[in-house]
Amino acid sequence: MRWLILFAVWLLYAAFGLVVTSLAPLIGPIEASLDISHAQMGSVLGAWQGVYIVSAIPCGILLDRLGSRWALVIAAAVIAASAFGRSLADSYGMLLMAVMIFGLGGPIVSAGAPKVIAQWFSGSDRGFAMGVYLTGPSVGGVISLMLTHSVLLPAFGNDWRQVLMLWGAVAIVAGMVWLAVASTPTALAGEKAERAVARAPQGQTMRRLLRAPAVRLVMAMSVGVFMFNHGLNNWLPEMLHAEGMTPVQAGFWSAIPTIVGIAGSLTIPRLATPGRRFTILLLLSVAACAATLLLHFQARPVLLTGLVMQGIARSALMTVLILTLVELPAIGAQHAGTAAGLFFSAAEVGGVLGPLMMGSLYQLTGAFDAALWLLTAVTALLAIATVWLRRAAQAPG
């Protein structure tokens, strides 16, 4: 049953990834159809993250109060509504609102997935399960990017609206599969046992979590992890192009961290058992730091090593950090939703700052060197913070 539950969670996260990336391959047709500019499209693409930051904590609270079964059904419905809203948009304002809606459903999936895994898995299987479900957005994104122009637009007569409707339908199917799995007698018994545990008032729970030094440190580290991940993920193709690659070459080389990351997600988290978790977190931080240094070089072997290091770091840094959070003595499965909401609310600040910082520094200096040096400092601080986190997590109380 737990592997069936993992598949249903993975499917929800894959639908998440499909809808997140759905507009990227359709920018040209949408801009021409709605008569909007690149600047307006840029604001559309980043609109959901601002909503996400504000809604992550309330969504985590809703998750703990309502339970994973119905909360994730609501999340699937909201994600589908965002996709359908995009397909029906006939103006910049409507498209912007449709994308913003996603920021209300996305956090429930982000916080709900680790909560479900914490309930059903333990030991090394818990790390493996987290690594598996976190491949969902990557697989969804790859499917969206690969199939939109090669298969779907020709099949739908170049109608971009039908492509977005298809992704909305996929989100509905994912929600129905989750509801079916979560409604089986075994799953209902597990949810009933979890909800039977006495709960403190939500405000008291939030204050208790925020008073824990380890929780605050994990939140601070999440900002750095997302700065590294989102900054490089968004700017890597342009960075490689600026170093002399053709757009085709830059696209090929930019895929290397993604390929390495999917493989790493299936292996590294499983190794991160409590006895060696902080060692692995430290090594991942060092790999991220090494990547930012090696990406300065244009020599292909050095650059390849840097991209592999980036893929290793991006594959597991967030997973191992979430795993550390939900297994802190102050958290447990009972409060995993609220804690994950806190995590992603803080983390998405880094998700916004990373791409913004890299773009701004490039604008000021005409190169990516300054941005890479800043990311080097951020990842070095992550390594130092890991040492502090080990002490804080093991401190009594």
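The values are calculated or read from the model by the stated rules, or taken from the named source; none is laboratory data. All of these numbers come straight from a predicted model, not from anything done at the bench. Here Cβ is always computed from backbone atoms with ideal geometry, including for glycine, and neighbour counts include all displayed protein chains. Ligands, DNA and RNA are stripped out before the accessible areas are found, and what is left, the full protein with its side chains, is counted by its heavy atoms. Shrake-Rupley method; radii C 1.70, N 1.55, O 1.52, S 1.80 Å.
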Inset, instruction - With respect to Ala316, determine if the residue is out of contact with any helix residue (DSSP H, G or I) (no Cβ under 7 Å at 6 or more places or on another chain), more than 15 Å from His230 (Cβ to Cβ) and either part of a helix (DSSP H, G or I) or among the aliphatic types (A, V, I, L, M) (or both). - result: no
Legend entry - Qualifying positions in the stretch 356-370 - open to solvent by 60 Å² or more (accessible area, probe 1.4 Å) and of a type outside the set (Val, Ile, Thr): Leu356, Tyr362, Gln363, Leu364, Asp369
Inset, instruction - Working carefully through the options Gln49, Gln40, find the one that is of a type outside the set (Ser, Thr, Tyr), touching a residue at least 24 places away in the same chain (Cβ under 8 Å) and within 23 Å of Phe344 (Cα to Cα). - result: Gln49
Inset, instruction - Quick one: count up the residues across the stretch 253-280 that are in a helix (DSSP H, G or I) and over 26 Å from Leu303 (Cβ atoms). - result: 6
Inset, instruction - Please enumerate the residues belonging to the stretch 135-172 that are in contact (Cβ under 8 Å) with a residue 24 or more places away in the chain and either among the β-branched types (Val, Ile, Thr) or touching a strand residue (DSSP E or B) at 6+ places or on another chain (Cβ under 7 Å) (or both). - result: Thr135, Val139, Val142, Ile143, Thr148, Val163, Val170, Ile172
Inset, instruction - Go through the stretch 166-195 residue by residue and tally those that are surrounded by fewer than 17 Cβ atoms within 10 Å (Cβ to Cβ) and closer than 25 Å to Gly85 by Cβ. - result: 4
Legend entry - Hey, Gly244 out of contact with any Ser or Thr (no Cβ under 6 Å at 6 or more places or on another chain), among the small types (Gly, Ala, Ser) and at pLDDT below 75 or not: no
Legend entry - Flag if Arg216 is at pLDDT 75 or above, of a type in the set (Lys, Arg) and either part of a helix (DSSP H, G or I) or farther than 18 Å from Ala299 by Cα (or both): yes
Inset, instruction - Taking the residues in the stretch 69-120 that are open to solvent by less than 60 Å² (accessible area, probe 1.4 Å) and among the charged types (D, E, K, R) as candidates, determine which candidate is nearest to Pro29 (Cα to Cα). - result: Arg86
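Let's see how each residue does on (1) modelled with pLDDT under 85; (2) within 30 Å of Ala182 (Cβ to Cβ); (3) part of a helix (DSSP H, G or I):
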{"position": "Ser22", "(1), (2), (3)": "no, yes, no"}
{"position": "Val44", "(1), (2), (3)": "yes, no, yes"}
{"position": "Ala56", "(1), (2), (3)": "yes, yes, yes"}
{"position": "Ala71", "(1), (2), (3)": "no, yes, yes"}
{"position": "Ala76", "(1), (2), (3)": "no, yes, yes"}
{"position": "Arg86", "(1), (2), (3)": "no, yes, yes"}
Legend entry - Condition check for Pro114: touching a helix residue (DSSP H, G or I) at 6+ places or on another chain (Cβ under 6 Å) and closer than 17 Å to Trp160 by Cβ: no
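Results for (1) farther than 20 Å from Thr279 by Cα; (2) acidic (Asp, Glu); (3) open to solvent by 20 Å² or more (accessible area, probe 1.4 Å); (4) assigned to a helix (DSSP H, G or I), shown as yes or no for each residue.
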site: Gly354; (1), (2), (3), (4): yes, no, no, yes
site: Leu372; (1), (2), (3), (4): yes, no, no, yes
site: Thr379; (1), (2), (3), (4): no, no, no, yes
site: Trp388; (1), (2), (3), (4): no, no, yes, yes
Legend entry - The listed residue being of a type outside the set (Asp, Glu) and at positive phi, out of Gly366, Gly337, Gly354: Gly366
Inset, instruction - Would you mind stating whether Ala250 is open to solvent by less than 70 Å² (accessible area, probe 1.4 Å), modelled with pLDDT of 85 or more and over 20 Å from Ala347 (Cα atoms)? - result: no
Legend entry - Single unsatisfied condition, Ala346 versus (1) within 30 Å of Met206 (Cα to Cα); (2) buried (at least 23 other Cβ atoms within 10 Å of the Cβ); (3) modelled with pLDDT of 85 or more: (2)
